[in-house]
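Laboratory data are not the source of any read-out in this text; all were calculated from the coordinates shown. Nothing here was measured: the structure is a model prediction, and the numbers come from that model. Cβ atoms come from the backbone with ideal geometry, glycine included; neighbour counts cover every protein chain shown.
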């Protein structure tokens, strides 16, 4: 088994305008998905959600504020999973709620 | 009339045994604290001899008005006698007692309520030292802290006396070799050590709750002793932490369903008689659950306690199963186990239905676990009777006890009848 990072990208992670009930619903979807991976014993690290704002430091000391308009999809968070190969890791990514929002999941093997 | 008398006699010998069991751990703890943990076996011998003498003396003359005071006085005499006779006192105990009038020290084996409590807590921490393996820790805890006999411990572990004796002997050797002291760990150490202590209490409780022994009294005793040790931790500020309260809540909720579970076969949750649930224990559980929410930490005990709380509410509302599913999702992220994975999938079925749950269940691949095939069978029931039966047959082959096999066979028969 190797470790893979699943990186979630979505066009918009701005949840400031939605109701607490909707937020709870979104949380449940994510928890059910991660719970399904954990139930297979394949969750390596629970990972983290990334806040929508932040800064970007570029060469030459240029600092820009987020959100990061240059990239169409914002990196919203990640988890680490255990899988035998890239194909299996990709299978685990199916059902990720980021896909519902027309986002994507990037699957990248970790160097040991 | 004869029957009544027999009943009373049995009752009184049972309570005498209970008294001995309770006093064993107190006396061994106090004596070990006074003379050092390296003398723990002497402490056990002295206390056992005291009980033997009590049994004979009380049979002849009746039980004294204050039996514990009697036990303490006789034990004190025996300790003095022992140390004088064996010269251990001069050669080993004397140099270790740092100062003061030594004779007085010995005579001052202090069986006050306060000293008993302190000594037991210190003993709990001493036994949970990382230098001994957890299996040996549980054995020692059962013997030294809960006062169980070797027979009972062997029965609980489905093992034999020799194995248990050897295990306990090696663990005590280790305590001696590593010079483990009877004292509370330092400020920095105590939180970390408390995790081990809580874990051992949790294992003790599980040993009782899920034990394969058919002896139901023993199962219940194990659980109540684990609960007692947990409550002991609440009496000290440093050990009375939210996670301690969460563990106690968890044990209360589970223990509340004890009577409902007990019969020849383990009664499945859905078939339990709610009337038999112990409302006092449920309320105790809620009390400790409320205490456990202080602070930031969310331990696996917190999650398990909340799951157990929801299971104490009989009505199968959508909200209940939704909550349980979310709690299992989080529990799996902290602490994966096949059992939690199966329970999570069952909750998923209750929330999202059989088809959704089946997709996830098929991914679990717990091919050596008969509960896995029972779950698959449950999910296939009504959708595909043929597959349901095949899974039950796999479960039957994997099941370890006769009771379990019998239960599975009944389900197979039911499907066969429906298809006939």
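Helix B:370-380 against the longest principal axis of chain B: what's the angle in degrees, Cα atoms only, rounded to the nearest 10?
So the inclination is approximately 30 degrees.
Using a simple spin-label model with points 7 Å from Cα along the Cα→Cβ vector, what separation in nm is obtained for residue A:90 and residue A:17?
3.5 nm
Is the shape of the range A:8-112 rounded, prolate or oblate, going by the alpha carbon gyration tensor and its root eigenvalues a ≥ b ≥ c, with a/c under 1.5 for rounded and a/b larger than b/c for prolate?
Note, shape of the range A:8-112 comes out oblate.
Between A:17, A:42, A:28, where does the largest GNM mean-square fluctuation fall for chain A, given springs only between Cα atoms within less than 10 Å?
Sorting by GNM fluctuation, first place goes to A:17.
For Cα pairs less than 8 Å apart in space and 6+ apart in sequence, what is the mean separation divided by the residue count of the range A:2-109, i.e. the relative contact order in percent?
50 percent
What is the gain in length, in nm to one decimal, between residue B:368 and residue B:56 on full extension, counting 0.36 nm per residue of separation less the C-alpha to C-alpha distance?
107.1 nm
Given C-alpha coordinates of chain B, what is the ratio Rg to Rh with the Kirkwood estimate of Rh?
1.03
What does the helix-only formula give at 222 nm for chain A: each DSSP H stretch with n ≥ 4 adding -39500 (n - 2.57), the total divided by the residues, and the result rounded to the nearest 500 deg cm²/dmol?
-8500 deg cm²/dmol
Could you please rank B:205, A:78, placing first whichever residue has the fewest other Cβ atoms within 10 Å of its Cβ?
Taking fewest neighbouring Cβ atoms as first place, the list is A:78, B:205.
Where does helix B:113-127 land angle-wise versus the long Cα axis of chain B, in degrees 0 to 90, nearest 10?
Once rounded, the angle reads 60 degrees.
Fewest to most neighbouring Cβ within 10 Å: what's the order for B:20, B:169?
Taking fewest neighbouring Cβ atoms as first place, the list is B:169, B:20.
By how many degrees, 0 to 90 and rounded to 10, does the Cα axis of helix B:279-292 deviate from the longest principal axis of chain B?
Computed tilt is about 80 degrees.
Kirkwood Rh, Cα Rg: Rg to Rh for the range B:114-240?
0.96
Using only C-alpha atoms and all pairs of different ones, pull out the Kirkwood radius for the protein assembly as shown in Å with one decimal.
It is 27.2 Å.
Going by how many other Cβ atoms sit within 10 Å of their own, how do B:127, B:282, B:190 line up, fewest first?
Fewest-to-most ranking of B:127, B:282, B:190: B:190, B:282, B:127.
Once the principal axes of the Cα atoms of the range A:1-63 are found, what is the range along each, listed largest first in whole angstroms?
Between the extreme Cα coordinates on each principal axis of the range A:1-63 lie 46, 39, 15 Å.
Can you tell me how the range B:315-385 classifies by the Cα gyration tensor, rounded, prolate or oblate, using a/c under 1.5 as the rounded cut?
Judged from the Cα gyration tensor, the range B:315-385 comes out oblate (a/c at least 1.5, b/c at or above a/b).
Based on DSSP H runs of at least 4 residues, each adding -39500 (n - 2.57), what is the mean residue ellipticity at 222 nm of chain B after dividing by all its residues, to the nearest 500 deg cm²/dmol?
Result for chain B, helices only: -23500 deg cm²/dmol.
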